[in-house]
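Heads up, the thing below is written out as C-alpha cells.
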Amino acid sequence: MPPEPASTAAPQKPARAQSPWIPLPARLTLVTVLALGLMAAVTWLTLSIQMQGQDRRALQERMTAAQKLLMQVDGAGNLAHLPLRLEAEFGRDTRLAILVQGAFGQVLYQQQIASGAPGVPDARGLSNQGLLALRTWNDGHRLWRGIVAPVQTQMTGAAPLGMVMALDVTAQQRFMNSLALTLTAYVLLAALACALAFIWLLRRSEVKLRM
C-alpha cells in the first residue's frame, strides 16, 4: 500500500484563557466604594490638618509669650523667680504642658510634663534655629502635641535655654478615631445599599426585556 500523505493541517493554537467576568452590579458597587472612600479619606485628612494648624498657632502664641518672659532674665536672681512668673502666666491652662531646661539638662520649670518621660523631646543644647517641627508623643497617660525651641536670655555668655511646650490632644485624638470609625461604617453601609440597589435595578431591567 502506498504511504499515506502527511497531514498538512496547521497546528491549532491553544485557546486563550478568558478573563473572569465581573457582574455589572459588582463593578458599579466597586466604583461607588472607591468614590465614597476617597471622599471620607479627604474629609478626615482635611480636618486633621486643620486641627494641627490650630494647635501650631496656639502653641506659637504661647511660646511667644513665654519667650518674652525668658528674655527678661538677666541674672541669677531673675532666673530664680522664673518659675513663679511662668506659673502665673500659664498655670491656669490645664491643656498646656511646659518644660524649661538649662544647657546641661537641669530643669528650671515644668508644668504637667517631666524631663525624661516617654516620648518627651530633649530640649538640651539647642542652637538658635527657631521652632522645630510639630511633634506628637504619648507619655503613657495622655497624648501631647508640641514644639521645641531654644530661648536666649540676657545673661551674658549664657547658653540658650531649651523649652518644650505642648498641648493635650487626647480628646482631639479620640474624636478623630471616632470620626474614622463613623466614616468607615458609612462607606460600608453605603456600599451595601448601592449593591442591593444595583442588583434590583438589573433584575428589573431583565424582567422588562423578557416581557
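For the reader, a short list of remarks on this structure follows.
- Over all pairs of different C-alpha atoms, region 64-104 has a mean inverse distance whose reciprocal, the Kirkwood radius, equals 11.0 Å.
- Extension gain from T94 to L134, taking 0.36 nm per residue of separation minus the Cα-Cα distance: 12.4 nm
- Inter-label distance for L189 and Q50, nm, one decimal - labels placed 7 Å from Cα along Cα-to-Cβ: 2.2 nm
- Couplings 3J(HN,Hα) of region 32-44, computed from phi: 5, 4, 4, 5, 5, x, 5, 4, 5, 5, 5, 4, 5 Hz, in residue order, whole Hz [Karplus 6.51 cos²θ - 1.76 cosθ + 1.60, θ = phi - 60°; x for Gly and Pro].
- If R0 is taken as 41 Å, the Cβ-Cβ distance between R57 and I199 corresponds to a FRET efficiency of 0.25.
Read the figures in this text as sums done on the coordinates, not as results from a lab. Here the structure is a predicted model, which means the values were calculated and not measured. Because the Cβ atoms are built from the backbone with ideal geometry, glycine has one as well, and the counts that use them run over all protein chains shown.
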